[in-house]
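The values are calculated or read from the model by the stated rules, or taken from the named source; none is laboratory data. A quick note: this is a predicted structure, and the numbers were derived from the prediction, not measured. Here the Cβ positions follow ideal geometry from the backbone for every residue, glycine too, while neighbour counts run over all protein chains shown.
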Amino acid sequence: MIDPFSSRVNMLLGVFAFCLLNTSAENWCKIHREMADCSHLKLSQIPADLPGNITTLNLSHNQLKGLPPANLSRYQHLVTLDAGYNVITKVDPVLCQNQPALKVLILQHNELQQMSEKCFHRCASLTELSLASNRIKVIKGDPFINLKNLTVLDMSHNILTSMKLGSQPQLQSLQKLLLADNKITQLENEELYFLNKTSLEVLDLSANPLRKFQTGCFHVIGNLHGLLLEKVPLGQELLEKLCSELSGTGIQTLLLRNIQLSSISNTTFSGLSMTNLTSLNLASNGLSVISNSAFASLPQLEHLILENNHIFHLTPLTFYGLSNLKSLNMKKSLIGTNSSKFSIIDDLSFHWLGRLEYLTMDDNCFPEITPNTFTGLSSLKYLSLCNTDLKIITNKTFSSLFNSSLISLNLTKCGIVKLEEGAFSSLGSLQVLDMGLNEISQELRGYELKGLDNIKMIYLSFNKYLSLGKNSFTFVSSLRKLFLRRTALNILDLTYSPFHYLQNLTVLDLSNNNLANLGEDTLDGLHNLENLNLQHNNLARLWKRVYPGGPVLFLKHLVNLQMLRLDSNGLDEIPVNAFRGLSKLKYLGLGLNNLNFFPWSVFDDQTYLDILNLHKNLITSVEKPVFENVFKNLKKLDMSVNPFDCTCESISWFINWINATNTSITGLNYEYICNTPPKYHGLFVTQFDNSACKDMAPFQAMCIINTTVILIFIFIVMLVRFQGWRIAFYWNVSVNRILGFREIDKVGEQFDYDAYIIHAKKDKNWVMKHLIPLEESSVRFCFDERDLEAGLPKLEGIIDNMKRSKKIIFVITQHFLKDPWCHRFKVLHALQQAIEQSQDSIVLIFLEDIPDYKLNQINLRRGMVKSHCILSWPAQQERVNAFHQKLKVALGSSNQVN
């Protein structure tokens, strides 16, 4: 019995298989113009429905077992066919029959095991053929004999035991033959005969176990220019044999990297004396000994690489004979031995290298640079000493380069702690000086850089501590780029620019220094500066309104500035004139700050800005008066990760601008999120319904009027609160000059004194200093210490003096409240006299803030005295004159009770 469920499953599988077989390959492959990429699709056959005009077809990383010519017949315009990384086991002899234009054929990483006689018989147009990483062991006949245009043949990573790829001369256009990583053990004349008519630029035999070179083997090749023998275990003896066989050939480049060569004698390269060898690579050989005159047989050599060796000693004859050498790479080659930390460089070791232009000595260990270390390098242009141990640069360190034309010096990671005066005085032609990643800790006084008359760039970033004074760059006026990033920078004098002499500077990097202080003239003189990096500092307080003297406009001199980075400075305010005059600015970075408010005209001069970065601030609204001007020509905007207020007042104009602009807005669809109001919280700004925003024009006039009234009211309140005393002062002065200070009292009432002073004994000095001097302006006080009549009892004298005084002044302090003589007699009698005579004669002067409940202790209250007779001593010096004016008014007022 047939299971109905199984039959249904089989039916569905059949339908799926039918659909899969009939699905267009064009739906799988990526088609771009005349290129078809069908890689990584697990294809088992070549797609038959791709566009017929494609010129490039990529079939790599699939499951193809062959390349049937019939399946390729549709694509007659193919120029490049990549069938690498498949399981192809055989090449059809008529593969290229329908591809007359095919030039590049890639069959690497397949399962090919042998090449038959006519594999590529019809591929005459091929220029590149890759058969690398197969299992090819046998080459039968002459499979490449028709490839007269082939320039590159890659047979590397196979299991060939012989170089014989043909029995007769062929491949006359071949330039590169790559046979690296095979099983070739010897080179025989017969095996190389097929190359008799070629002119090889590169013959790569690297990683082959070569043991024998038959006499004359390289002379069989038509012309050999480059031979690569990396990872071939030659040793010194076999190397000498190799050099002998290369004698008289056209060899120019010889790669001998990692060939187990521990030493070089003066006969090692003698066989190359009859060649024009220009490039020799001896890197990674564990080379420890180079005999004197070892390179004497190589007078035409121009490039020598000794990188990654263990050379112990350089003598004055080590490089003898290399008079035409232009570049020498000794990176990590002088690293000492097991018995010594340092390798030795004798004086004059380089003096034969008169034409050397490039010298690389990175990552080496030698004791010191002497005054004759680099003597003779008169043509040197580029010197790199990266990661060597120099410590202190003196005026003798580079004195041996006095006559050189050095234009670039790399001293990165050299452990430099100090630059002495004249450290670079010998390098008058130097243009680039890199001293980054050191431990320099000093004040630059200027003389350290003296002599660098043609310097263009100085890199001092990532040092320990640098201080700049007004003369730090006096002698480097030609400087164009200066990098001082992360140097714990300290500018000693904020009133004078340390960059004043750098009139030609275009790039200045002061980032990551935690700078908190800049003066308005700190950047004076940088009129040609185009790029200024100030990110990752602490400049926020300089732009605050409450900063003493007002915000510091330290950018005002940079009229040609084009790129300004102020990211990560903690900025929460921007002065209205912060960017005034920076009309050429193209890039402005203000990201990662705390900005939430911008003055309306802050960007008025930035009409040609291309890129504005306000990423990750506290911006809630994007207002038209602020941003309309700067957005006009903007090409890229980043305002992502801000807490936008999605209301009509805040972002309505911004939404309209987004919908109409061609500006590239970074992260618009995923990093512009509403924070308020709750209705839109968490939604994207682009989801804000702008249609609900009504025309606000009818309410604009009312809004302006209300705002104006409120602002005027606030202004008046603030004026009265903080300047009311000054207004009252000038009013009193004006009135009293016209009407006088004294009011009319009872007829016939006369007084000898204007006021009697009651004060605590401890407040005597204040009275003497601040009240008695007023007698010079027609005011007369009764002061017990001075005016008490001699011979009278003290109590009678006090009572009599009070009666003779128009007013009685109480100088009230904490001492006054505690003084028994004051509150037990003088205050009581003064109050009794005022009550009995029905007079308003009391004047209170408070030197401290005394609450009313404490005044009750002496039976006194502020309500008992006229308001204009209650005075407080001001804390501010500028208000003392106003106090004196009020006191004169109080003393001149009438004693009559209203």
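Hey, does segment 620-639 have a residue that's in a loop (DSSP other than H, G, I, E, B), within 27 Å of ILE491 (Cβ to Cβ), touching a Leu at 6+ places or on another chain (Cβ under 9 Å) and of a type in the set (A, V, I, L, M)? No, there is no match, as no residue in segment 620-639 is in a loop (DSSP other than H, G, I, E, B), within 27 Å of ILE491 (Cβ to Cβ), touching a Leu at 6+ places or on another chain (Cβ under 9 Å) and of a type in the set (A, V, I, L, M). Of the residues making up segment 274-289, just one is more than 10 Å from ASN258 (Cα to Cα), of a type in the set (A, V, I, L, M) and within 41 Å of the chain's Cα centre (by Cα), namely LEU280. Restrict the check to segment 857-876 and report whether at least one residue is in the same structural domain as ASP754 (by TED's automatic domain parsing) and touching a Cys at 6+ places or on another chain (Cβ under 8 Å). Within segment 857-876, one or more residues are in the same structural domain as ASP754 (by TED's automatic domain parsing) and touching a Cys at 6+ places or on another chain (Cβ under 8 Å). Selection of segment 499-521 for residues being in contact (Cβ under 8 Å) with a residue 40 or more places away in the chain and either touching a helix residue (DSSP H, G or I) at 6+ places or on another chain (Cβ under 7 Å) or part of a loop (DSSP other than H, G, I, E, B) (or both) yields only SER511. When LEU256 is tested against (1) within 51 Å of the chain's Cα centre (by Cα); (2) more than 18 Å from LEU178 (Cβ to Cβ), just one condition goes unmet, and that condition is (2). Candidates in segment 162-187 are the residues that are among the charged types (D, E, K, R) and surrounded by 16 or more Cβ atoms within 10 Å (Cβ to Cβ); of these, the one that is farthest from PRO143 (Cα to Cα) is ASP181. Applying the set (1) at pLDDT below 95; (2) surrounded by 19 or more Cβ atoms within 10 Å (Cβ to Cβ); (3) not hydrophobic (A, V, I, L, M, F, W, C) to ASN533 leaves exactly one unmet item: (1). When the test is whether a residue is assigned to a helix (DSSP H, G or I) and out of contact with any strand residue (DSSP E or B) (no Cβ under 9 Å at 6 or more places or on another chain), GLN857 passes it. Condition test on SER125, is it of a type in the set (Ser, Thr, Tyr), assigned to a loop (DSSP other than H, G, I, E, B), in contact with a helix residue (DSSP H, G or I) (Cβ under 7 Å, 6 or more places away or on another chain) and at pLDDT 90 or above? No, not satisfied.
Selection of segment 378-391 for residues being buried (at least 20 other Cβ atoms within 10 Å of the Cβ) and out of contact with any Asp or Glu (no Cβ under 9 Å at 6 or more places or on another chain) yields only LEU383.
Looking across TYR382, TYR358, one residue alone is under 30 Å from MET274 (Cα atoms), under 35 Å from the mean Cα position of the chain (by Cα) and aromatic (Phe, Trp, Tyr). It is TYR358. Determine which member of the set LEU383, LEU328 is touching a helix residue (DSSP H, G or I) at 6+ places or on another chain (Cβ under 8 Å) and closer than 22 Å to VAL432 by Cα. Checking each option against the conditions leaves just LEU383. Determine if segment 685-702 includes at least one residue that is at pLDDT 80 or above, surrounded by 10 or more Cβ atoms within 10 Å (Cβ to Cβ) and within 30 Å of GLN885 (Cβ to Cβ). No, the conditions are met nowhere in segment 685-702. No other residue among ILE46, ILE54 is in a loop (DSSP other than H, G, I, E, B), farther than 15 Å from LEU95 by Cα and hydrophobic (A, V, I, L, M, F, W, C) apart from ILE54. Among the candidates ASP849, ASP819, the residue that is farther than 23 Å from ASP754 by Cα and crowded, with 18+ Cβ neighbours inside 10 Å is uniquely ASP819. Taking the criterion of being surrounded by fewer than 17 Cβ atoms within 10 Å (Cβ to Cβ), assigned to a loop (DSSP other than H, G, I, E, B) and of a type in the set (A, V, I, L, M, F, W, C), the residues of segment 57-93 that qualify are VAL79, VAL87. Among the residues of segment 355-390, those identified as among the polar types (S, T, N, Q) and in a loop (DSSP other than H, G, I, E, B) are ASN364, THR370, ASN372, THR373, THR375, SER378, SER379, ASN387, THR388.
Taken over segment 124-153, residues that are on the phi < 0 side of the Ramachandran plot, under 54 Å from the mean Cα position of the chain (by Cα) and not charged (D, E, K, R) amount to 15. When THR388, THR373 are screened for being at pLDDT below 95, over 28 Å from the mean Cα position of the chain (by Cα) and under 20 Å from SER343 (Cβ atoms), only THR373 passes.
Inspect all residues belonging to segment 92-99 and state whether any of them is over 48 Å from the mean Cα position of the chain (by Cα) and modelled with pLDDT of 90 or more. Among the residues of segment 92-99, not one is over 48 Å from the mean Cα position of the chain (by Cα) and modelled with pLDDT of 90 or more, which makes the answer no.
For segment 313-339, the candidate set comprises residues that are farther than 15 Å from ALA294 by Cβ, within 41 Å of the chain's Cα centre (by Cα) and small (Gly, Ala, Ser); within that set, the residue that is modelled with the lowest pLDDT is GLY336. In segment 240-260, the residues that are more than 14 Å from HIS219 (Cβ to Cβ) reach residues that are among the basic types (Lys, Arg) with C-beta atoms within less than 6 angstrom, at least six apart or across chains, in these pairs: ASN258/LYS231. One residue alone among SER640, SER650 is surrounded by 17 or more Cβ atoms within 10 Å (Cβ to Cβ), small (Gly, Ala, Ser) and touching a Gly at 6+ places or on another chain (Cβ under 8 Å), and that residue is SER640. Within segment 667-696, residues that are free of Cβ contacts under 8 Å to residues at least 60 places away in the same chain reach partners that are surrounded by fewer than 11 Cβ atoms within 10 Å (Cβ to Cβ) and not in a helix (DSSP H, G or I) with beta carbons closer than 8 Å, at six or more positions or on different chains, in the pairs ILE673/GLY682; CYS674/GLY682; PHE684/ASN669; PHE684/TYR670; THR686/ASN669. Test LYS331 against the stated conditions and say whether it is closer than 30 Å to GLY222 by Cβ and either touching a Pro at 6+ places or on another chain (Cβ under 7 Å) or charged (D, E, K, R) (or both). Taking the combined requirement at face value, the residue does not satisfy it. Scanning segment 423-449 for residues that are farther than 22 Å from SER379 by Cα and not aliphatic (A, V, I, L, M) yields a count of 10. Pairing residues of segment 611-636 that are hydroxyl-bearing (Ser, Thr, Tyr) with residues that are surrounded by fewer than 20 Cβ atoms within 10 Å (Cβ to Cβ) and part of a loop (DSSP other than H, G, I, E, B), at Cβ distances under 7 Å and at least 6 apart in sequence or on separate chains, gives THR620/ASN596; THR620/PRO643.
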